[in-house]
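The values are calculated or read from the model by the stated rules, or taken from the named source; none is laboratory data. All values derive from a computational prediction rather than experimental measurement. Cβ sites come from the backbone with ideal geometry, for glycine too, and all protein chains shown count toward neighbours.
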């Protein structure tokens, strides 16, 4: 039972960091379907820099930087040019899927896997990303609810006109939120590759979308979103455990658990009210 | 959504031209990063494809599937919905198509077998599309997330069904009956087949529905101004579910080319990527059926050319550009819309 919880905590880190990042971005009024791209580029950058420097911490920093970069491009297209936020997100995910594979070829002449990078494995206490996720799960909700940065972020998401009336640019508040969100999601990506010590193509496997579903389930509250991600990871770990002891559910179907849970979550959480200005570009 | 309805043809062409130039510029940077001259690679892409009947046939084969998946995304965009579940809808459609094709008795005439298999594919795709629509309309579940999740779920279920009932220690199901086979075009042994005619006919039908019928008007009003549509008595939710069902059916129709026209059986991984590429096709084609057909050919060229330029640069260059095209079209059309709005204010 304890081992199950420990497994789930490690598996929850990338989801929770992506969800915390996504909650920041979405709460400020920008739809964050590019979480998948931030996870993928973050995972690639962490593995590449981790391999080159033999330092996992350098890999984490690179992963966060990659997430920030994706957020900057996303904000440039969606906020500055006013492009459709849903399409920008999906486009960035497509770019990330092909782009990381291109970089694998370009740098390593490999089709699917990067060369080995430092690996944290099952470590919990020794893995700074676990601590980062834990601290972020406490600090981000506090910052969103109680700081000036958070007040502006929430105002940009709910009442951009009111924000403009007091002379603060909603676009700037959204950019600030998105860049922080990108760093968090990029760190989540770093966990994906540094857990196993290698980047492989499509390593994110839809986790960005799952994380976003948990943001919606939480009613755009970052702390609850992170907790929901722990729930998904627990279900996934329990399913793996069942597979090992042998269950009646065929393995092809058992591995679908997180995706089915996500659809069910959206069915349950569909009625939740998003930030009023979400996706409007106003 | 950015689906065009009233804007002029000239502006649409301008948006597409700028987006293509931006994509080409970004692609050129990638080629430079790989240590090659962009001009050399782009020229090789064109001469090696157009100079070779087999390569041209492969482009046509790819474009046939993309025309269907592109139309699928396009009609959903028209109605203000983003169907990125083409991968799952296509996988379900190909399985249904191949199962029906294999179940039909030997000697079934083509006039019966081909329509039956086609309808089976369309129904399977439509069922998944309708499910996505129903979850969106009744429960407010965002169709982009449910689409991606259903892509994964369908892939898993299809694999399970295949392993359990169809494959016998292979990744290939039983062959379809001879009568269900759509013949090859005979382009130098390429995979191009006569289902390309169906693609053109379906594009024509979508054009007619969209431009000339009250149905088409209803689905576009739902996309442009849902509040106005509701006020004028259109059952918005029902239109959305129907459009997503139709979109799912269209996304499943590449099964006619991949299963009936080429593989003649279900195979794991067949046609993978065509559903996602439909997004690029629809946006580049500006959701117009004619534009979609042209974009299907262009992106078919891009995605098959990965192989012909593979000895010069990593073939993944073309994968990146598929996403870049989407980003470029979205950004360019937003930029053009803003510019027009500003000019409108100035005059």
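From B:170, B:146, which residue is more than 24 Å from the chain's Cα centre (by Cα) and closer than 22 Å to residue B:94 by Cα?
Residue meeting the stated conditions: B:170.
Identify the single condition in (1) within 14 Å of another protein chain (Cβ to nearest Cβ); (2) closer than 28 Å to residue A:142 by Cβ that residue A:226 does not satisfy, given that it satisfies every other one.
Failed condition: (1).
Helices (runs of 4 or more DSSP H) wholly in segment B:243-347 with at least 2 residues that are more than 12 Å from every other protein chain (Cβ to nearest Cβ), within 23 Å of residue B:99 (Cβ to Cβ) and touching a helix residue (DSSP H, G or I) at 6+ places or on another chain (Cβ under 9 Å) - which ones?
In segment B:243-347, there are no helices (runs of 4 or more DSSP H) which contain 2 or more residues that are more than 12 Å from every other protein chain (Cβ to nearest Cβ), within 23 Å of residue B:99 (Cβ to Cβ) and touching a helix residue (DSSP H, G or I) at 6+ places or on another chain (Cβ under 9 Å).
Would you confirm whether or not segment A:106-120 contains a residue that is within 7 Å of another protein chain (Cβ to nearest Cβ), within 21 Å of the chain's Cα centre (by Cα) and over 17 Å from residue A:46 (Cβ atoms)?
Checked segment A:106-120: no residue is within 7 Å of another protein chain (Cβ to nearest Cβ), within 21 Å of the chain's Cα centre (by Cα) and over 17 Å from residue A:46 (Cβ atoms).
Given the condition at pLDDT 90 or above, more than 10 Å from chain B (Cβ to nearest Cβ) and on the phi < 0 side of the Ramachandran plot, answer yes or no: does some residue in segment A:247-257 qualify?
Among the residues of segment A:247-257, not one is at pLDDT 90 or above, more than 10 Å from chain B (Cβ to nearest Cβ) and on the phi < 0 side of the Ramachandran plot, which makes the answer no.
Filter segment A:47-103 for residues that are touching a residue at least 60 places away in the same chain (Cβ under 8 Å) and facing another protein chain (nearest Cβ under 8 Å) and give the result.
Correct list: A:82, A:86, A:93, A:96, A:97, A:101.
Which residue out of A:69, A:94, A:103 is out of contact with any strand residue (DSSP E or B) (no Cβ under 8 Å at 6 or more places or on another chain), at pLDDT 95 or above and closer than 17 Å to residue A:201 by Cα?
Criteria check complete, one pass: A:103.
When segment B:219-235 is examined, which residues are found to be free of Cβ contacts under 8 Å to residues at least 12 places away in the same chain and touching a helix residue (DSSP H, G or I) at 6+ places or on another chain (Cβ under 8 Å)?
B:228, B:229, B:230, B:232
Mind listing whichever residues of segment B:247-275 are crowded, with 24+ Cβ neighbours inside 10 Å and farther than 11 Å from residue B:89 by Cβ?
Those that are crowded, with 24+ Cβ neighbours inside 10 Å and farther than 11 Å from residue B:89 by Cβ: B:256, B:257, B:258, B:259, B:260, B:261, B:266.
Residues are listed down the side, and each one gets a yes or a no for (1) more than 14 Å from every other protein chain (Cβ to nearest Cβ); (2) buried (at least 20 other Cβ atoms within 10 Å of the Cβ); (3) touching a residue at least 24 places away in the same chain (Cβ under 8 Å); (4) farther than 25 Å from residue A:252 by Cβ:
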site: B:111; (1), (2), (3), (4): yes, no, no, yes
site: B:120; (1), (2), (3), (4): yes, yes, yes, no
site: B:161; (1), (2), (3), (4): no, no, yes, no
site: B:169; (1), (2), (3), (4): yes, no, no, no
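Among B:98, B:122, which is the only one that is touching a strand residue (DSSP E or B) at 6+ places or on another chain (Cβ under 9 Å) and part of a helix (DSSP H, G or I)?
Every option except B:98 fails the conditions.
Go through B:135, B:71 for me and flag whichever is under 23 Å from residue B:205 (Cα atoms) and in a helix (DSSP H, G or I).
Step by step, each of B:135, B:71 is checked, and only B:71 is under 23 Å from residue B:205 (Cα atoms) and in a helix (DSSP H, G or I).
Taking the options B:195, B:190, name whichever one is surrounded by fewer than 22 Cβ atoms within 10 Å (Cβ to Cβ), more than 13 Å from chain A (Cβ to nearest Cβ) and under 22 Å from the mean Cα position of the chain (by Cα).
So the residue among B:195, B:190 that is surrounded by fewer than 22 Cβ atoms within 10 Å (Cβ to Cβ), more than 13 Å from chain A (Cβ to nearest Cβ) and under 22 Å from the mean Cα position of the chain (by Cα) is B:190.
Pick out the one residue from B:156, B:133, B:101 that is at the interface with chain A (Cβ under 8 Å from one of its Cβ atoms) and either free of Cβ contacts under 8 Å to residues at least 24 places away in the same chain or more than 18 Å from residue B:274 (Cβ to Cβ) (or both).
B:156
Scan (1) in contact with a strand residue (DSSP E or B) (Cβ under 9 Å, 6 or more places away or on another chain); (2) exposed (fewer than 15 other Cβ atoms within 10 Å of the Cβ) for the single condition residue A:135 breaks and write down its number.
With (1) in contact with a strand residue (DSSP E or B) (Cβ under 9 Å, 6 or more places away or on another chain); (2) exposed (fewer than 15 other Cβ atoms within 10 Å of the Cβ) applied to residue A:135, the lone miss is (1).
Return the total of residues in segment B:171-214 being in a helix (DSSP H, G or I) and in contact (Cβ under 8 Å) with a residue 24 or more places away in the chain.
Residues in segment B:171-214 being in a helix (DSSP H, G or I) and in contact (Cβ under 8 Å) with a residue 24 or more places away in the chain: 14 in total.
Name the residue, out of A:143, A:155, A:126, that is more than 14 Å from every other protein chain (Cβ to nearest Cβ), touching a helix residue (DSSP H, G or I) at 6+ places or on another chain (Cβ under 8 Å), free of Cβ contacts under 8 Å to residues at least 24 places away in the same chain and surrounded by fewer than 19 Cβ atoms within 10 Å (Cβ to Cβ).
None of the other options fit; the residue is A:143.
Hey, can you tell me all the residues within segment B:28-63 that are assigned to a helix (DSSP H, G or I), within 14 Å of another protein chain (Cβ to nearest Cβ) and closer than 10 Å to residue B:313 by Cβ?
B:30, B:31, B:32, B:33, B:41
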